[in-house]
Amino acid sequence: MNVLDAANVRIKNAFSNGCKIYLSFSCGKDSLCLSNLTYELIRSGEIDPKQLTVIFIDEEGLYPSMVDAAVRWRKKFLSVGAQFLW
């Protein structure tokens, strides 16, 4: 099994118990990767977006590109039915 497949299995396992899932979003490379994997699993119908709450803490000292990325990801997650707290 490769790293991508293993990550998808782990994400699906986290959602499989029906509990709320909280994703901390920072606009860093790790949270962007995890967000993309999670978003694609939602779009493919493999996980329930109603379980997901994405949390972004605006530290008011962010680069404009990070704020732009957060705005884009907020729209993406909201469009599939997940909650996004800013």
#### Entry: Cross-link reach list, aspartates and glutamates versus Lys20, counting only Cα pairs under 16 Å and skipping chain neighbours closer than eight places
Glu46, Asp48
### Query
Pairing the Cα long axis of helix 64-79 with the longest principal axis of the chain, what angle in degrees results, from 0 to 90 and rounded to the nearest 10?
40
### Query
Taking the simple approach of a point 7 Å from Cα along Cα-to-Cβ for both Lys20 and Ser79, what is their distance in nm?
2.6
### Message
Can I get the semi-axes of the chain's equivalent ellipsoid? Compute them from the C-alpha gyration tensor as square roots of 5 times the eigenvalues, in angstrom, largest first.
### Response
22, 15, 11
### Message
Given contacts defined as C-alpha pairs under 8 Å and at least six residues apart, what's the relative contact order of the chain, whole-number percent?
### Response
32
### Query
So, with a 1.4 angstrom probe, what is the percent of accessible area on the chain that is carbon and sulfur?
54
### Task
Using the heavy atoms of the protein chains and a 1.4 angstrom probe, tell me the accessible area per residue for region 1-57 in square angstrom.
61
### Task
Could you list the residues of region 1-41 with an amide nitrogen less than 16 Å from a label point located 7 Å from the Cα of Lys50 in the Cα-to-C-beta direction?
15-21
### Query
For the chain, what is the mean residue ellipticity at 222 nm derived from helices alone (per DSSP H run of n ≥ 4: -39500 (n - 2.57); sum divided by total residues; nearest 500 deg cm²/dmol)?
-16500 deg cm²/dmol
### Task
Report the residues of region 14-33 in range of a label on Glu59: point 7 Å along Cα→C-beta, backbone N strictly under 17 Å from it.
24-32
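The values are calculated or read from the model by the stated rules, or taken from the named source; none is laboratory data. None of the values given here were measured: they were computed from a predicted structure. Virtual Cβ from ideal backbone geometry, glycine too; neighbours counted across all protein chains shown. Note: areas computed on protein heavy atoms with side chains; ligands, DNA, RNA excluded. Shrake-Rupley method; radii C 1.70, N 1.55, O 1.52, S 1.80 Å.
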